[in-house]
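> Here you go, one structure.
The values are calculated or read from the model by the stated rules, or taken from the named source; none is laboratory data. This is a predicted model, so every value here is computed, not measured. Because the Cβ atoms are built from the backbone with ideal geometry, glycine has one as well, and the counts that use them run over all protein chains shown. Quick note on the areas: whole protein, heavy atoms, side chains included, nothing else; ligands and nucleic acids left out. Shrake-Rupley method; radii C 1.70, N 1.55, O 1.52, S 1.80 Å.
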Amino acid sequence: MADRTLMSKGEGRISVEEVGKIYDPEGVNVCALKDCNMEIDPGEFVMLVGPSGCGKTTLLNAIAGFSNVTSGIISLDDEIIASPSMHQSPGADRIVVFQGGALFPWKTVLGNLVYGPMMQGKMKRDEAVAEARRLMDKLGLSKSCEELYPEKLSSGMMRQVEIIRALINNPKVLLLDEPFRALDNMTKSLMHEYLLEVFAITKKTIFFITHDLEEAVFLADRVLIMTTRPGTIKASIEVNISRPRSFKTLATRDFMDLKEQAEAAVKEETLKAFEAGERELA
Ligand code: ADP
Ligand code: MG
């Protein structure tokens with residue numbers, strides 16, 4: 001099922017070492033991350049869960065290059081991408097898929113897909129169009145929607161286009177910040193199966209943030225639990241459930257046990273966050 005041209009080449013190791021982040025140190029001084037450590041292997045699918053406002057988006061933004069960190073180091077394949085003195089700007093090697101979506105409304109599906117590689121001068125228009133069509137075909141998006149504008153797409157299709165738009169840049173890692181949060185349950189479960197398929201084909205490193213523990217255990221190789229703010233990694237749960245997975249996986253004993261384990265860990269932190277009056281921004 002895996003596709004050689006799409007597949008990661010053993011790249012995409014993310015290392016987070018002793019990372020801290022303080023917003024507005026001279027003013028309100030919000031300590032969002034403290035002594036945060038994690039390591040994600042190339043080709044690993046890691047989900048991060050934790051209570052609202054604990055620092056999940058802060059960590060993802062630092063990996064993506066949207067902001068720097070106050071202490072510690074983040075590296076991608078042994079290259080430092082964020083430290084107190086620098087951060088590598090967002091690039092094609094680390095693409096983020098957001099909850100709100102970010103397709104250009106004035107461009108068609110095809111126009112959205114070819115935009116990135118053309119802007120970066122990586123492909124000429126003909127090449128980018130051919131590559132976009134190849135990916136749409138490989139990743140199950142009907143050719144008939146290539147001339148549609150985003151407003152005509154269902155919310156699930158929009159997410160599909162966003163994922164393909166990320167993959168056309170051949171990133172080392174795919175970063176997702178609650179991308180399916182606003183979807184209805186049926187669409188969400190279709191998107192889960194879709195993302196599992198994408199993962200099977202590309203074997204990209206995936207770092208995915210969610211509130212939803214069922215989503216976390218269903219998709220991940222490993223689920224990381226973040227503490228209440230300041231966020232740090234409290235536990236790591238290996239999900240030893242074989243792939244391919246399907247909705248039937250959700251009814252297995254192993255799945256339910258792991259979900260319960262994750263639930264207990266998150267609940268403890270959520271109570272602490274609740275008592276501290278924490279709320280999220282996103
Ligand atoms: P999560 O994604 O886990 O809900 P965030 O990473 O968005 O949490 O936020 C972590 C904490 O940092 C929250 O208390 C939030 O209010 C605070 N925060 C986030 N962004 C900023 C900012 N730009 N300035 C000040 N505080 C911020
Ligand atoms: Mg968030």
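> If the requirement is being assigned to a loop (DSSP other than H, G, I, E, B) and surrounded by 20 or more Cβ atoms within 10 Å (Cβ to Cβ), which of these qualifies: Gly12, Gly72, Gly91, Gly27?
Answer to the selection: Gly12.
> So, of the residues in region 189-212 that are assigned to a strand (DSSP E or B) and within 16 Å of ligand 2 (Cβ to nearest atom), which turns out to be surrounded by the fewest Cβ atoms within 10 Å (Cβ to Cβ)?
Per the criteria, the residue is Thr210.
> Among Met256, Met186, which is at pLDDT 95 or above, open to solvent by 20 Å² or more (accessible area, probe 1.4 Å) and of a type in the set (A, V, I, L, M, F, W, C)?
Going through Met256, Met186 in turn, the sole match is Met256.
> Looking at region 171-183, which of its residues are modelled with pLDDT under 95, more than 16 Å from ligand 1 (Cβ to nearest atom) and in contact with a helix residue (DSSP H, G or I) (Cβ under 9 Å, 6 or more places away or on another chain)?
Answer for region 171-183, where residues must be modelled with pLDDT under 95, more than 16 Å from ligand 1 (Cβ to nearest atom) and in contact with a helix residue (DSSP H, G or I) (Cβ under 9 Å, 6 or more places away or on another chain): just Leu183.
> Write out, first by first residue and then by second, each pair whose Cβ atoms fall under 8 Å of each other, whose residues are 6+ apart or on separate chains, and whose first residue, in region 217-230, is open to solvent by less than 10 Å² (accessible area, probe 1.4 Å) and part of a helix (DSSP H, G or I) while the second is modelled with pLDDT of 95 or more and of a type in the set (Gly, Ala, Ser).
The qualifying pairs are Val217/Ala262.
> Does at least one position in region 265-277 carry a residue that is in contact with a helix residue (DSSP H, G or I) (Cβ under 9 Å, 6 or more places away or on another chain) and either away from ligand 2 (no atom under 16 Å from the Cβ) or not assigned by TED's automatic domain parsing to the domain that holds Ile22 (or both)?
no
> What is the residue count in region 169-200 for residues that are under 23 Å from Gln120 (Cβ atoms) and more than 16 Å from the chain's Cα centre (by Cα)?
0
> Considering only residues that are open to solvent by less than 60 Å² (accessible area, probe 1.4 Å) and aliphatic (A, V, I, L, M), look in region 75-88 and name the one that is nearest to ligand 1 (Cβ to nearest atom).
Ala82
> Just checking, does region 199-207 include any residue being more than 30 Å from Gly140 (Cβ to Cβ) and not acidic (Asp, Glu)?
No, the conditions are met nowhere in region 199-207.
> Name the single residue, out of those in region 44-69 being open to solvent by 10 Å² or more (accessible area, probe 1.4 Å) and in contact with a helix residue (DSSP H, G or I) (Cβ under 9 Å, 6 or more places away or on another chain), that is farthest from Pro90 (Cα to Cα).
Ser52
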